[in-house]
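*Asks:* I'd like to ask you about the structure that follows.
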């Protein structure tokens, strides 16, 4: 760990409005990273111009538009460090992110990847909040600063966000890069593949980054391709069987299929996709659930209206109980 070195990899597409905030957050680390690599994925705005203004503090790679997976993979290939850390161009790191993760790795030198808690920001609405309360995470960690199995943390949704992840670079030569051409959940696909081989996952139970949830047009916020999600689940189940990890992974797959099918009920345009999901994965669920889904598929438009109405009421209650005013948590929303 005396030779600990980190590359911060920032994929960017038309991120001129936010890229300086992301870069500045890396430059502000109490423990500096060794290099910052911004991969401009075919932007048509002033992203590259703003990155060049940092001079030799930031390395700029420009490529044709290929999506967030290809941009991250280009950054990994260009990295000269032992560890790679990811940051989406519209998000930001908190100042102690790199230092806290280095300290964690020094205490657990067998770990090859780590994450942490983060702040979710709906800055346009004036709210931000800690993604998961520290007490809930502490109850799972039980005095450790790692999860014995990533899939346990995933099932509880307490594993963090992509902008918190730190991964030993050699891992990618073993399992491959982010899935090229996959428009959504490409990071989830990567974490699942790593966890098939390296179950122990380091975790800092403090916020390491700020996820800006209301940014539009970014590389990681695009229209869903549900067919790719079906392939992802099918391939991951096969890999889990191959690696002897089906007992841990199957509940995660079931959980994600449930979430995705439920989300499709909120948009009638995905009615046909929902039918494909149901046909492929309904065997995972109880008879009651299958009946409820079949009823929901009868009239997708009516189901969408009902689901959105219930969702609005739920969010109103959530806003009153879990969100905090903007001034209560540190964030550079206005930058």
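Coordinate-derived values only; no laboratory data. What you see is a predicted model, and the numbers here were worked out from it, not measured in a lab. Please note: Cβ atoms are built from the backbone with ideal geometry, for glycine as well, and neighbour counts cover all protein chains shown.
*Asks:* Between the stretch 14-45 and the stretch 58-119, how many Å separate their Cα centres?
*Replies:* The stretch 14-45 and the stretch 58-119 have Cα centres spaced 11 Å from each other.
*Asks:* OK, next. Which of these, 47, 303, 162, has the largest mean-square fluctuation under a Gaussian network model of the chain (Cα springs below 10 Å)?
*Replies:* 303
*Asks:* Sticking with this structure for a sec: Tell me the label only: which of (1) 29, 25, 23; (2) 32, 24, 21; (3) 35, 22, 19 is semi-axes √(5λ) of the Cα gyration tensor in Å as calculated from this structure?
*Replies:* Of the labelled values, this structure produces (2).
*Asks:* Separate question: Quick one: 92, 280, 35, fewest Cβ neighbours within 10 Å first, how do they rank?
*Replies:* Going from sparsest to densest Cβ surroundings: 280, 35, 92.
*Asks:* Please find the FRET efficiency linking residue 107 to residue 157, where r is the Cβ-Cβ separation and R0 is fixed at 35 Å, and quote it to the nearest 0.05.
*Replies:* Efficiency computed from Cβ-Cβ geometry: 0.90.
*Asks:* While we're on this one: Mean separation of Cα pairs under 8 Å and 6+ residues apart, divided by the residue count of the chain: what relative contact order is that in percent?
*Replies:* Worked out over the chain, it gives 19 percent.
*Asks:* If you take the beta carbon distance between residue 5 and residue 287 as r and set R0 to 45 Å, what does 1/(1 + (r/R0)^6) give as a FRET efficiency, to the nearest 0.05?
*Replies:* Efficiency for this residue pair is about 0.25.
*Asks:* For a quick check, take a GNM of the chain with Cα springs below 10 Å and name the residue from 75, 135, 181 with the largest mean-square fluctuation.
*Replies:* For the chain, modelled as a Gaussian network with Cα springs under 10 Å, the answer is 135.
*Asks:* Related question: So what's the angle, to the nearest 10 degrees on a 0 to 90 scale, between helix 271-281 and the longest Cα principal axis of the chain?
*Replies:* Orientation of helix 271-281: about 90 degrees from the principal axis.
*Asks:* Once you have the Cα-Cα distance between residue 268 and residue 180, take 0.36 nm times their residue separation minus that, and quote the gain in nm to one decimal.
*Replies:* Here the segment from residue 268 to residue 180 would lengthen by 28.9 nm.
*Asks:* In which sequence would 159, 285 go, from the one with the fewest C-beta neighbours within 10 Å to the one with the most?
*Replies:* Taking fewest neighbouring Cβ atoms as first place, the list is 285, 159.
*Asks:* Comparing 163, 282, 70, which has the greatest mean-square fluctuation in the GNM of the chain with Cα pairs linked when under 10 Å apart?
*Replies:* 282
*Asks:* If each residue of separation counts as 0.36 nm, what is the full-extension length gain between residue 231 and residue 17 once their alpha-carbon separation is subtracted?
*Replies:* Roughly 73.6 nm would be gained on extension.
*Asks:* Here's another thing I want to ask about it. Using Cα pairs closer than 8 Å and at least 6 residues apart in sequence, work out the relative contact order for the stretch 115-159, in percent.
*Replies:* 34
*Asks:* Quick check for you: which residues of the stretch 277-293 have the amide N under 12 Å from the point 7 Å beyond the Cα of residue 258 toward its beta carbon?
*Replies:* 284-286, 289-290
*Asks:* Between residue 298 and residue 49, what is 0.36 nm times their sequence separation minus the Cα-Cα distance? Round to one decimal in nm.
*Replies:* That works out to 84.5 nm of additional length.
*Asks:* Rank these for me by crowding, 140, 306, 33, going from fewest to most other beta carbons within 10 Å.
*Replies:* 306, 140, 33
*Asks:* On to the next question. Could you tell me how far the Cα centroid of the stretch 245-271 sits from the Cα centroid of the stretch 125-179, in Å?
*Replies:* Value for the Cα centre distance between the two parts: 19 Å.
*Asks:* Still on this model: Nearest 500 deg cm²/dmol is fine: what mean residue ellipticity at 222 nm does the chain get from its DSSP H runs of n ≥ 4 alone, each adding -39,500 (n - 2.57), divided by its residue count?
*Replies:* Working: 13 runs with 149 residues, N = 335.
It comes out at -13500 deg cm²/dmol, rounded to the nearest 500.
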